[in-house]
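Student: The following block contains the structure, expressed as structure tokens.
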Amino acid sequence: QVQLVESGGGLVMAGGSLRLSCAASGRTFSSYAMGWFRQTPAEKKREFVADISWSGDFTYYADSVKGRFTISRDNAKNTVYLQMNSLKPEDTAVYYCAAGPHTIAVAQTYDYWGQGTQVTVSS
């Protein structure tokens, strides 16, 4: 079992930055790939944002965030991060972290989810 708790969301102006953190419980954190997804009220599905392999050697990004967002992890601290720069109003969403066996950009492949953190970008 892995429990995930996100933090770091908030209100920021367009062009600003935020860093999200996701703290995991459980000694098996380092064996999981970790992903960030986001969801708006208008969307039924959670949209893939980024993911990272268990070792941190491989990262993948949605085209919409590539070059602006950076995912990283610290296995010693059981934490995964999402650094978000050059934020745009369309980045406004609830952001979720997730743990799963593979770095696949499909929400259904992830086994554990956090409760989400709201990110609001004003224009």
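Student: Suppose we filter segment 91-109 for residues that are outside any strand (DSSP E or B), at pLDDT 95 or above and either more than 16 Å from Lys45 (Cα to Cα) or open to solvent by less than 20 Å² (accessible area, probe 1.4 Å) (or both); how many remain?
Tutor: 1
Student: Another question about this same structure. Which one is nearest to Thr79 (Cα to Cα) among residues in segment 47-59 that are charged (D, E, K, R) and surrounded by fewer than 23 Cβ atoms within 10 Å (Cβ to Cβ)?
Tutor: Per the criteria, the residue is Asp57.
Student: Which of the residues that make up segment 10-31 are over 16 Å from Glu90 (Cβ atoms), part of a loop (DSSP other than H, G, I, E, B) and either of a type in the set (Val, Ile, Thr) or open to solvent by less than 40 Å² (accessible area, probe 1.4 Å) (or both)?
Tutor: Scanning segment 10-31 gives Gly26, Thr28.
Student: Within segment 69-78, work out how many residues are outside any strand (DSSP E or B) and of a type outside the set (A, V, I, L, M, F, W, C).
Tutor: 3
Yes/no per residue for (1) more than 12 Å from Gly15 (Cα to Cα); (2) acidic (Asp, Glu); (3) more than 13 Å from the chain's Cα centre (by Cα):
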| site | (1), (2), (3) |
| --- | --- |
| Met84 | no, no, no |
| Leu87 | no, no, yes |
| Asp91 | no, yes, no |
| Tyr95 | yes, no, no |
| Pro101 | yes, no, yes |
| Ala105 | yes, no, no |
| Thr109 | yes, no, yes |
| Trp113 | yes, no, no |
| Thr117 | yes, no, no |
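Student: On to the next question. Starting from residues that are out of contact with any Phe, Trp or Tyr (no Cβ under 9 Å at 6 or more places or on another chain) and of a type in the set (Val, Ile, Thr), keep the ones in segment 110-123 and report whichever is surrounded by the fewest Cβ atoms within 10 Å (Cβ to Cβ). Steps first, please.
Tutor: Here is the first cut: in segment 110-123, the residues out of contact with any Phe, Trp or Tyr (no Cβ under 9 Å at 6 or more places or on another chain) are 120-123.
Adding the requirement that they be of a type in the set (Val, Ile, Thr) leaves 120-121.
Numbers: Thr120: 15, Val121: 20.
My answer is Thr120.
Residues are listed down the side, and each one gets a yes or a no for (1) surrounded by fewer than 16 Cβ atoms within 10 Å (Cβ to Cβ); (2) touching a Leu at 6+ places or on another chain (Cβ under 9 Å); (3) not in a strand (DSSP E or B):
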{"position": "Val5", "(1), (2), (3)": "yes, no, no"}
{"position": "Pro41", "(1), (2), (3)": "yes, no, yes"}
{"position": "Lys44", "(1), (2), (3)": "yes, no, yes"}
{"position": "Val80", "(1), (2), (3)": "no, yes, no"}
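Student: A further question on this structure: Can you tell me which residue is farthest from Ser86 (Cα to Cα) among those in segment 47-67 that are in contact with a Lys or Arg (Cβ under 8 Å, 6 or more places away or on another chain) and at pLDDT 95 or above?
Tutor: Our first condition is that a residue be in contact with a Lys or Arg (Cβ under 8 Å, 6 or more places away or on another chain); within segment 47-67, this holds for 47, 49, 52, 56.
Narrowing the set further to residues that are at pLDDT 95 or above leaves 47, 49, 52.
Working: Glu47: 19, Val49: 15, Ile52: 21 Å.
Of everything passing the filter in segment 47-67, Ile52 is farthest from Ser86 (Cα to Cα).
Student: Counting only residues that are open to solvent by 40 Å² or more (accessible area, probe 1.4 Å) and under 11 Å from the mean Cα position of the chain (by Cα), which one in segment 62-78 is nearest to Val121 (Cα to Cα)?
Tutor: Among them, the one singled out is Thr70.
The values are calculated or read from the model by the stated rules, or taken from the named source; none is laboratory data. Owing to the predicted nature of the structure, the values given are computational and were not obtained by experimental measurement. Here Cβ is always computed from backbone atoms with ideal geometry, including for glycine, and neighbour counts include all displayed protein chains. All accessible areas refer to the heavy atoms of the entire protein, side chains included, with ligands and DNA or RNA removed. Shrake-Rupley method; radii C 1.70, N 1.55, O 1.52, S 1.80 Å.
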